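For reference, the structure discussed in these notes is given below.
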Amino acid sequence: MAREKELDLVEIVPNVRPPIVKIMDFGKYQYQKAKEAQQQKAKQKKTEIKGLRLGLRTDDHDIEVRRKQAEKFLSQGHKVKLEIRLKGREKAHQPLAIEVLKNFVSSIATPNKVEQEIKRFPGGFNTVIAPN
């Protein structure tokens, strides 16, 4: 029947007895599947994780610049990973570093939510915030 219609006999479910087959144009079927996959990929929302690094001794103006960057990233729909690095004797002031991060997150005017709480890592602390 497939040869008479000049189409392909495609095995759909090979594991059952008798196997399930379908008469179709296989090239057209593959093209449609590829087109659907391409449309799905185009509809995906692409978000990046942008990183901002702070320090305990970062000056007020520099923190203001970082805050504006974070607001810009959040308004574009990206997540922001905030990192505070502790060097040398700064490691003795861990509560101060946590306070700096909390103050920075609260100073951001763009609506956001904390996706990952403040977490310790070997060089300091980090947190991830995402747009609402």
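The values are calculated or read from the model by the stated rules, or taken from the named source; none is laboratory data. Bear in mind the structure is a predicted one, so any value in this text is a computation, not a measurement. All Cβ positions, even for glycine, are placed from backbone atoms using ideal geometry, and neighbour counts span all protein chains on display.
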Single residue of Ala2, Ala70 found to be in a loop (DSSP other than H, G, I, E, B), surrounded by 10 or more Cβ atoms within 10 Å (Cβ to Cβ) and touching a Leu at 6+ places or on another chain (Cβ under 8 Å): Ala2
Residue within segment 13-21 that is assigned by TED's automatic domain parsing to the domain that holds Thr110, exposed (fewer than 10 other Cβ atoms within 10 Å of the Cβ), in a loop (DSSP other than H, G, I, E, B) and not β-branched (Val, Ile, Thr) present: no
Residue in segment 76-102 that is nearest to Leu56 (Cα to Cα), counting only those that are small (Gly, Ala, Ser) and surrounded by 12 or more Cβ atoms within 10 Å (Cβ to Cβ): Ala97
Meets criteria (under 23 Å from the mean Cα position of the chain (by Cα), surrounded by 16 or more Cβ atoms within 10 Å (Cβ to Cβ) and either in a helix (DSSP H, G or I) or free of Cβ contacts under 8 Å to residues at least 12 places away in the same chain (or both)) for Val105: yes
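Please go through segment 22-63 and pick out each residue that is closer than 30 Å to Lys87 by Cα and assigned to a helix (DSSP H, G or I). Break it down stepwise before answering.
Kept after step one, since they are closer than 30 Å to Lys87 by Cα, are these residues of segment 22-63: 48-63.
Those that are closer than 30 Å to Lys87 by Cα and assigned to a helix (DSSP H, G or I): Asp60, His61, Asp62, Ile63.
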Qualifying residue in segment 45-65 (condition: under 20 Å from the mean Cα position of the chain (by Cα), surrounded by fewer than 13 Cβ atoms within 10 Å (Cβ to Cβ) and without any contact (Cβ under 8 Å) to a residue 24 or more places away in the chain): yes
